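Notes to accompany the following structure.
The values are calculated or read from the model by the stated rules, or taken from the named source; none is laboratory data. Bear in mind the structure is a predicted one, so any value in this text is a computation, not a measurement. For neighbour counting, all protein chains shown are included, and Cβ atoms are generated from backbone atoms with ideal geometry for every residue, glycine included. Accessible surface is based on the protein model in full, side chains and every heavy atom, while ligands, DNA and RNA are left aside. Shrake-Rupley method; radii C 1.70, N 1.55, O 1.52, S 1.80 Å.
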Amino acid sequence: EHDTSSLERYDLGWRLRLPVFLNLGYSHDLTLTPEPIQHRGTALGLEYNYAFWRNQSGRLTLWGLRERNPRDPAQENDILTPAGQTPPSEPLRRYRADWAHNQALGDATRLILSFHHTSDGQLRHEYDRVLESRPFRTYQGSLTSQWRWADVALTYEQNADFLQESVYGTDESFTDLGLRPQLLPRLT
């Protein structure tokens with residue numbers, strides 16, 4: 001795949017994904033994906049799928065890269081370094097982690113859990129081409145019960161987003177932390 005852009009911060013060059021599938025048994029598997037990226041270095045992806053018992057499954061995906069060269073703030077175009085932050089003089093470590101779990105807790109009740117975490121506010125835009133995505137950390141849990149005559153769901157969600165899209169905003173001081181919890185009961 002040739003992933004290019006007129007903006008240098010998004011110009012990755014050639015990307016070659018080389019997945020290696022490992023069957024770990026009847027109920028789980030692992031796929032390792034080394035990914036040489038022409039202008040950045042070699043990333044490593046991991047996808048672990050599991051279903052250890054009936055009506056339960058999940059997926060964990062990790063992706064990480066230590067960029068080959070330090071970033072040049074002058075080449076970041078319109079993205080400014082967050083106030084008070086000195087651009088790092090060493091190559092950046094970039095990563096994302098996603099986990100989703102879905103499990104039946106009986107004939108009519110289901111538990112769904114998820115977690116998402118990103119190293120910086122620009123990663124998903126830069127490497128995954130997801131526009132307007134600045135999640136730092138998201139936790140979500142949902143418990144639902146269904147009957148013929150009604151269903152009930154209780155959802156808890158906690159989010160923190162990066163305040164701006166920037167490769168330099170890499171920790172909680174550059175988020176709207178307070179982690180905005182939301183508790184969302186629903187009855188229909």
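Tell me, which longest segment in the chain has none of the trypsin sites (Lys or Arg not before Pro) that fall in DSSP loops with at most 16 further Cβ atoms within 10 Å?
Values: sites that count: ARG17, ARG54, ARG68, ARG129, ARG148.
Of all site-free stretches, the longest is 69-128.
Let me know the Kirkwood hydrodynamic radius for segment 25-65, please, with Cα pairs as the basis and the value in Å to one decimal.
Numbers: mean 1/r = 0.0865 Å⁻¹.
Its Kirkwood hydrodynamic radius stands at 11.6 Å.
P(r) tail for the chain, what percent of Cα pairs lie past 23 Å? Display every interim value, and only then the final one.
Working: 9502 of 17578 pairs.
In whole percent, the share of Cα-Cα pairs in the chain beyond 23 Å is 54.
Out of ASP107, ASP72, ASP120, any idea which swings most in a Gaussian network model of the chain, alpha carbons joined below 10 Å?
The residue that fluctuates most here is ASP107.
What's the center-to-center distance, using Cα atoms, between segment 120-177 and segment 28-63 in Å?
Taking the Cα centre of segment 28-63 as reference, the centre of segment 120-177 is 20 Å away.
Hey, what's the chain come to in accessible area per residue, 1.4 Å probe, Å²? Each step should come with its number before you reach the end.
Values: 10990 Å² over 188 residues.
Here the residues of the chain average 58 Å² of exposed surface.
Using a Gaussian network model on the chain with a 10 Å cutoff between Cα atoms, which of ALA97, ALA160, ALA108 fluctuates the most?
It is ALA108.
Tabulate in residue order the Karplus-calculated ³J(HN,Hα) for segment 64-69, using 6.51 cos²θ - 1.76 cosθ + 1.60 with θ = phi - 60°, rounded to whole Hz; enter x for Gly and Pro.
Karplus-based 3J(HN,Hα) across segment 64-69 equals x, 7, 9, 4, 5, 10 Hz.
Of ASP161, ASP98, ASP128, which is the most mobile in a GNM of the chain whose springs link Cα atoms less than 10 angstrom apart?
Highest fluctuation among the options: ASP128.
For the chain, what does -39500 (n - 2.57) per DSSP helix run (n ≥ 4), summed and divided by total residues, give at 222 nm, in deg cm²/dmol to the nearest 500? Please list the in-between numbers first.
Values: 1 runs with 6 residues, N = 188.
It lands at -500 deg cm²/dmol.
Report, to the nearest whole %, how much of the accessible area of the chain belongs to carbon and sulfur atoms, 1.4 Å probe, protein only. Show your work: numbers first, answer last.
Numbers: 6200 of 10990 Å².
Here carbon and sulfur together make up 56 percent of the probe-accessible area.
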